[in-house]
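Notes to accompany the following structure.
Please treat every number below as a calculation from the coordinates, not as lab data. Keep in mind that what you see is a predicted model, and the values were worked out from it rather than measured. Reconstructed Cβ throughout: ideal geometry from the backbone, glycine too, with neighbour counts over all protein chains shown.
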Amino acid sequence: MGHDVTDTPVSVLVLPGYADSGPDHWQTLWERRHGYVRVEQDDWLMPERDVWVATLERAVCAASGRVVLVAHSLGCALVAHWARGGSTDRVRAALLVAPADIDRVRDELREVASFAPVPMARLPFPSVVVASTTDPFVTTGRARAMAAAWGARLVDVGDAGHVNADAGIGEWTDGHRLLEELLPTS
């Protein structure tokens with residue numbers, strides 16, 4: 001902590017959720033096209049909060065310069081947990097897409113239960129929450145509440161399911177434009 005990273009480049013770290021992001025997921029497509037770095041978890045199917053948080057901390061500390069986090073689904077809860085004690089001074093911003101309501105789905109998907117309850121505290125860096133009105137893993141109201149608690153700007157993308165490959169998002173150029181707003185201009 002306490003690094004002087006103001007004049008260094010920005011690293012984009014990709015944080016998939018439960019079961020990872022497959023080959024057609026926008027996160028994977030962005031990695032291929034833009035060279036972003038995926039934070040690889042040891043076990044995508046039996047996620048343990050403390051293990052995932054430690055892995056994210058190592059990745060943030062190892063990254064070159066300041067960091068922009070690009071999280072999807074369970075990855076959003078990961079960011080909220082990590083922000084309570086991680087090296088947040090290294091983070092420039094976060095794009096938090098389709099945050100899963102772990103508090104609600106933990107009974108149906110017991111594998112993610114260690115991430116409940118989702119921290120509802122202000123994030124110490126600028127962030128944008130992207131939510132769909134038809135996401136099966138979070139209601140519009142709960143996504144709005146998470147964004148407000150995290151101090152994030154909420155972007156409603158309408159009928160876009162879980163904002164993933166199954167929803168036909170593809171490379172999701174509109175989402176990348178949101179990310180570009182969080183990146184430095186020089």
If the label point sits 7 Å along Cα→Cβ of Asp166, residues of segment 38-54 with amide N under 19 Å come out as 44-47
The farthest towards the positive end of the charge dipole of segment 10-182, of the residues Thr134, Val118, Asn164, given +1 on Cβ of Lys and Arg and -1 on Cβ of Asp and Glu, is Val118
1/(1 + (r/R0)^6) with r = Cβ-Cβ of Ala62 and Asp156, R0 = 25 Å, i.e. FRET efficiency to nearest 0.05, evaluates to 0.15
A correct Karplus calculation of ³J(HN,Hα) over segment 105-114, with 6.51 cos²θ - 1.76 cosθ + 1.60, θ = phi - 60°, whole Hz and x for Gly and Pro, returns 8, 4, 6, 7, 10, 4, 4, 9, 4, 5
The chain, Kirkwood Rh and Cα Rg, ratio Rg/Rh at 0.93
Long-range amide H partners of Val155, meaning residues 5 or more apart or on another chain whose placed amide H is closer than 5 Å, are Val129, Val130, Ala131
Per the helix-only model, the chain has a calculated mean residue ellipticity at 222 nm (DSSP H runs of ≥4, -39500 (n - 2.57) each, divided over all residues, rounded to the nearest 500) of -9000 deg cm²/dmol
Note, segment 136-145: 3J(HN,Hα) by Karplus (6.51, -1.76, 1.60, θ = phi - 60°), whole Hz, Gly/Pro = x, goes x, 9, 7, 7, 4, x, 5, 4, 4, 5
For segment 55-144, the Debye formula with one identical point scatterer on each Cα and no solvent gives log10 I(q)/I(0) at q = 0.13 Å⁻¹ as -0.42
Any residue on another chain or 5+ positions along whose placed amide H is under 5 Å from the amide H of Ser11 is listed here as Arg66, Val67, Val68
Using alpha carbon centers only, segment 116-186 is separated from segment 59-105 by a whole-angstrom value of 12 Å
